[in-house]
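These notes concern the structure reproduced below.
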Amino acid sequence: PQLVRLADYRPSDFLIDTVDLDVRLDPVATRVTATLKVRPNPDGREGAALVLDGDELKLVSVAIDGVPLDDDAIEAAPERLTLANPPRGPFELTVVTEIDPTANTRLMGLYRSNGAYTTQCEAEGFRRITYFLDRPDVLAVYTTRVEGPKAETPVLLSNGNLVETGDAGDGRHFAVWRDPHPKPSYLFALVAGDLGVVEDRFVTASGRDVALKVFVEHGREDRAAYAMDAIKRSMRWDEEAFGREYDLDVFMVVAVSHFNMGAMENKGLNVFNDKYVLASPETATDGDYANIEAIIAHEYFHNWTGNRITCRDWFQLCLKEGLTVFRDQEFTSDTRSRPVKRIMDARNLRASQFAEDSGPLAHPVRPEAYAEINNFYTPTVYEKGAEVIRMLKVLIGPDAFKAGMDLYFDRHDGEACTIEQFVACFAEVSGRDLGRFMLWYRQAGTPTVEIRTAYDAAAKTFAIEAAQTVPPTPGQPVKQPAVIPMVVGLVGPDGADLPLTVGGAAASPVIELTEPVTRVTFENVAARPVASLFRNFSAPVKVAADLTDDDYLFLAAHDADPFNRWQAGQTVALRNLVARVAALRASRPQPEEPRIADAIGRAFAPDETDHAYAAQVAGLPSEGDVAREIGDEVDPDAIHAARRALKRDLAARLGDAAAAAYERLSETGAYSPDAASAGRRALKIAALDLLAADGAAEGVARAKALYDGATNMTDRIMALQILSLHESDARAAALAAFEADYGDDPLLMDKWLLIQAATPLPATLDRVKALMAGPRFDIRNPNRVRSLVGAFGGNPTQFNRADGAGYAFVAETALVLDRINPQVAARILGAFKTWRALEPGRRARAEDALRGVAAAPGLSPDVGDIARRALG
Ligand code: DPP
Ligand code: ZN
């Protein structure tokens, strides 16, 4: 396969200053006339041919300065339009193409979703609409005329401000939109359909009156209120936290039912997967509300980090994504609970990014080559990309960080940039050399930091020795030491932090690990402290410290850093789980650590008031966490059994406290999605989960009662999920009732599909196959596919069935889907990202399945790339 390499980057030979699009909508033959003001790029090659990108395009005609071109002046193919001898000066190029939105099941370019036309252009979808220099460093001002039938498409939208509407005859009408901000083609959008709208206004800090519109399916308007509220709060927050104002007269969000991603930040016209817009207490969970808020914020924040300042090329994807994730994390931290957000982000990073980083699909935050860019919208680019920026902030401090951001916005507004240009802003304002810090962008793999501590009672010193290693990853056998900010505290015997003194002076809590081994000795340490390491998860690394369980249990009780207070309990539980797995595999009795119950049980204390935080304390490490800690020869069944055994043990020790907490926290009032109420429900569910851990009648009855009496979707879904873990009559009844009650609501059926696909029971695979053949599934809808097949791929025991049937199913489904939607098919195949860590039997079966995919004829670049890289 053809690899695109960062090292081969060249500026475009031509630039396009303006794009005038005339789009005449038709379900199967949409006519697109693109009039482009083209000129040679002074930084390009002189005399070069003009080569425009296309993808499955049908060319109708080409003209230069109004003069039609003969066939011999052009070379036209569905994927390319070449003009060998274009004019040497500026010229106007008019290209007419015809496309079929109904046949577009890939959902890239212009397609129809539930009867509405919509577009998705990132990364390379614009070339499916017209021939273009479809690369992010070609910025143009767009004017878009959309024309369609009044009856089917009363709403006609594109980027920017509305400048004209009118009748087009024949029952058709048109709208002209102009976006004054130069943008790359991937930010183009067009939506047309019969949609309902919710409207509001926002006045920016400098007084711009912005019309806000959220478009949804008719009849769903009442489910758009929360998204609208989140828009306004995001706009205000970006003004206050980053000094960034909105820059058009209208900001629009459209919810569509068929969407490859979560949402898309098209200039002024964000297009959303409807699951991240629509919410009501009866249909959405607390998790849905939190996701909607975060994703609305994320896409809105892209207006400055991504749209006003975009990427020079797709290798720089983290420039906009890592930074925008960082910004949405900060928004959520300010809006909800900062420690809880940090814990959830760390859990998520470990589950998704650490997993990716430890396997054959590992790649740097800024990759150096790709066969298919769609496959690099990954947790490494997004979430690790955000962590790198967070480390930068820790290293240079919040004031310099803010100055660096301001400089970046000032200096690069309107440009297409690189990571080097971004980091240079922070180097400049801080006066620091960030050259070695750049390794975070170039080196893949999760560093491990081994810590040894020593207290010298006579000298009253406490020494910390930190040894770092960055593991080999595909294409990168040898690594250099990273620049790792380790934020530490020394917790004294009374639980309070001791002052940090080094060389006779007060020392920063930020220790920079830049060498293979770094040593620091703190002085005047009156009594043996316990080291609190990597406070607030100050670096995305694995830590192996010589602290004892006693030390961690002490931290779990006393650490002033809320993240590490949580982490300490997790660490003790994780150690116990690993020991339990080893015991199971050696047929030894299960090792018990009764004090885990003390750490976890703190969550259920009657005087605990931070319920959201307590719910995190109550949650055990996941099966994936245990698998990664073990590292190789992984047996998912043993891990599942070990975790279950620990849960049963905890249930026995904490049952009364959990039952009391459950009663105490049970709702009476009306539902509100706010963070405090959601936290209360989360802790209640954590208590119920423990009470139902063994599948015994009493716990099941409680879950059934919650299901039957639920007055909001959070309680109902959580109850259903707990019921789903064990075979019982209540389980079957609740699943049937849910389908009967919500069968006509696709987003609720997604939850129903997901719960069944994620069930750790041997019948799951057969059930998934039956559901796939049933009426609630539709392979053309990415949300259905992700809910059923995607969730099954994330089911630790059932995807990893010892007989290999789970692997075969996912592989076969990916091949079927590849003919319909390669991007989503490649995602599904991502289930194999940790296959090499499995025990030999499963490993061999997973490899067979992957080889079957790789050998299949006619693979898309998307699926071919994942299969090949996964096999390494
Ligand atoms: N829509 C995706 C995101 O916002 C890609 N830009 O991250
Ligand atoms: Zn994004």
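Among the residues of region 517-546, those identified as more than 26 Å from residue 625 (Cα to Cα) and not hydrophobic (A, V, I, L, M, F, W, C) are 518, 519, 521, 523, 524, 528, 529.
Filter region 40-58 for residues that are crowded, with 17+ Cβ neighbours inside 10 Å and charged (D, E, K, R) and give the result. 53, 55, listed by residue number.
Among the criteria (1) more than 23 Å from residue 768 (Cβ to Cβ); (2) touching a strand residue (DSSP E or B) at 6+ places or on another chain (Cβ under 6 Å), the one residue 838 does not fulfil is (1). For residue 333, the conditions (1) without any contact (Cβ under 8 Å) to a residue 60 or more places away in the chain; (2) farther than 30 Å from residue 6 by Cβ; (3) within 15 Å of ligand 2 (Cβ to nearest atom) all hold with the exception of (3).
Might you let me know whether region 545-559 holds any residue that is small (Gly, Ala, Ser), in a helix (DSSP H, G or I) and in contact with a strand residue (DSSP E or B) (Cβ under 9 Å, 6 or more places away or on another chain)? No: region 545-559 contains no residue that is small (Gly, Ala, Ser), in a helix (DSSP H, G or I) and in contact with a strand residue (DSSP E or B) (Cβ under 9 Å, 6 or more places away or on another chain). Among strands (runs of 3 or more DSSP E) entirely within region 160-266, having at least 3 residues that are within 16 Å of ligand 1 (Cβ to nearest atom) singles out 250-256. Report yes if residue 322 is within 16 Å of ligand 1 (Cβ to nearest atom), on the phi > 0 side of the Ramachandran plot and either buried (at least 22 other Cβ atoms within 10 Å of the Cβ) or modelled with pLDDT under 95 (or both), otherwise no. Considered against the rule, which asks whether it is within 16 Å of ligand 1 (Cβ to nearest atom), on the phi > 0 side of the Ramachandran plot and either buried (at least 22 other Cβ atoms within 10 Å of the Cβ) or modelled with pLDDT under 95 (or both), residue 322 comes out as no.
To keep it simple, each residue is scored yes or no on (1) touching a residue at least 60 places away in the same chain (Cβ under 8 Å); (2) surrounded by 17 or more Cβ atoms within 10 Å (Cβ to Cβ).
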residue	(1), (2)
580	yes, yes
591	no, no
633	yes, no
640	yes, yes
643	yes, yes
674	no, no
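Consider residue 269 carefully, then state whether it is away from ligand 1 (no atom under 11 Å from the Cβ) and surrounded by 24 or more Cβ atoms within 10 Å (Cβ to Cβ). When the stated conditions are applied, residue 269 passes them. With respect to residue 113, is the statement that it is within 16 Å of ligand 1 (Cβ to nearest atom) and under 35 Å from the mean Cα position of the chain (by Cα) true? Here the answer is yes, as residue 113 does meet what is asked. The sole residue among 816, 863, 824, 853 that is surrounded by fewer than 20 Cβ atoms within 10 Å (Cβ to Cβ) and within 30 Å of residue 103 (Cβ to Cβ) is 816.
Scanning region 59-83 for residues that are among the small types (Gly, Ala, Ser), surrounded by fewer than 16 Cβ atoms within 10 Å (Cβ to Cβ) and within 22 Å of residue 126 (Cα to Cα) yields 61, 63, 77. If you go through region 455-468 one residue at a time, how many are touching a Pro at 6+ places or on another chain (Cβ under 7 Å) and closer than 14 Å to residue 515 by Cβ? Residues flagged as touching a Pro at 6+ places or on another chain (Cβ under 7 Å) and closer than 14 Å to residue 515 by Cβ within region 455-468 amount to 2.
For region 299-330, the set of residues classified as in a helix (DSSP H, G or I), touching a strand residue (DSSP E or B) at 6+ places or on another chain (Cβ under 6 Å) and more than 10 Å from ligand 2 (Cβ to nearest atom) consists of 319 only. Of all residues in region 836-850, which are small (Gly, Ala, Ser) and buried (at least 19 other Cβ atoms within 10 Å of the Cβ)? Result: 846, 849.
When 377, 408, 382 are screened for being more than 19 Å from residue 9 (Cβ to Cβ) and touching a Cys at 6+ places or on another chain (Cβ under 6 Å), only 408 passes.
Listed by first and then second residue, the pairs with beta-carbon distance under 8 Å, at least 6 apart or on different chains, first residue in region 375-390 and without any contact (Cβ under 8 Å) to a residue 12 or more places away in the chain, second within 14 Å of ligand 1 (Cβ to nearest atom) and β-branched (Val, Ile, Thr), form an empty list.
The residues on offer are 357, 328, 334, and the sole one that is over 18 Å from the mean Cα position of the chain (by Cα) and either of a type in the set (D, E, K, R) or at positive phi (or both) is 334.
When region 721-778 is limited to residues that are over 25 Å from the mean Cα position of the chain (by Cα) and among the aromatic types (Phe, Trp, Tyr), the one that is nearest to residue 218 (Cα to Cα) turns out to be 742. Regarding region 283-297, can at least one residue be identified that is near ligand 1 (Cβ under 9 Å from one of its atoms) and surrounded by fewer than 24 Cβ atoms within 10 Å (Cβ to Cβ)? Checked region 283-297: at least one residue is near ligand 1 (Cβ under 9 Å from one of its atoms) and surrounded by fewer than 24 Cβ atoms within 10 Å (Cβ to Cβ). Exactly one residue out of 701, 693, 678, 657 is crowded, with 20+ Cβ neighbours inside 10 Å, at negative phi, assigned to a helix (DSSP H, G or I) and touching a helix residue (DSSP H, G or I) at 6+ places or on another chain (Cβ under 8 Å), and it is 678.
Mind checking which residues of region 486-509 are in contact (Cβ under 8 Å) with a residue 24 or more places away in the chain, of a type in the set (A, V, I, L, M) and exposed (fewer than 15 other Cβ atoms within 10 Å of the Cβ)? 496, the sole residue that qualifies. If the condition is being closer than 26 Å to residue 345 by Cα and without any contact (Cβ under 8 Å) to a residue 12 or more places away in the chain, then region 398-434 contributes 398, 399, 402. Might you check whether a residue that is over 30 Å from residue 501 (Cβ atoms) and free of Cβ contacts under 8 Å to residues at least 60 places away in the same chain occurs anywhere in region 447-470? Checking region 447-470: at least one residue is over 30 Å from residue 501 (Cβ atoms) and free of Cβ contacts under 8 Å to residues at least 60 places away in the same chain.
Quickly run through region 599-617 and pick out the residues that are touching a Leu at 6+ places or on another chain (Cβ under 7 Å) and either without any contact (Cβ under 8 Å) to a residue 40 or more places away in the chain or closer than 17 Å to residue 651 by Cα (or both). Once the filter is applied, which keeps residues that are touching a Leu at 6+ places or on another chain (Cβ under 7 Å) and either without any contact (Cβ under 8 Å) to a residue 40 or more places away in the chain or closer than 17 Å to residue 651 by Cα (or both), region 599-617 yields 599, 600, 601, 603, 604, 614, 615. Filtering region 367-416 to residues that are assigned to a loop (DSSP other than H, G, I, E, B) and under 20 Å from residue 435 (Cα atoms) leaves 367, 368, 397.
In the list 119, 144, which residue meets the criterion of being within 16 Å of ligand 1 (Cβ to nearest atom), surrounded by 22 or more Cβ atoms within 10 Å (Cβ to Cβ) and outside any loop (DSSP other than H, G, I, E, B)?
Answer to the check: 119.
The residue pairs whose first member lies in region 840-857 and is in a helix (DSSP H, G or I), whose second member is of a type in the set (Ser, Thr, Tyr), and whose beta carbons are closer than 6 Å, counting only pairs six or more residues apart or on different chains, are 845/807; 846/807; 849/807.
The values are calculated or read from the model by the stated rules, or taken from the named source; none is laboratory data. The shown structure was predicted, so the numbers you read here are calculated from the model rather than taken from an experiment. Here the Cβ is made from the backbone with ideal geometry for all residues, glycine too, and neighbour counts use every protein chain on show.
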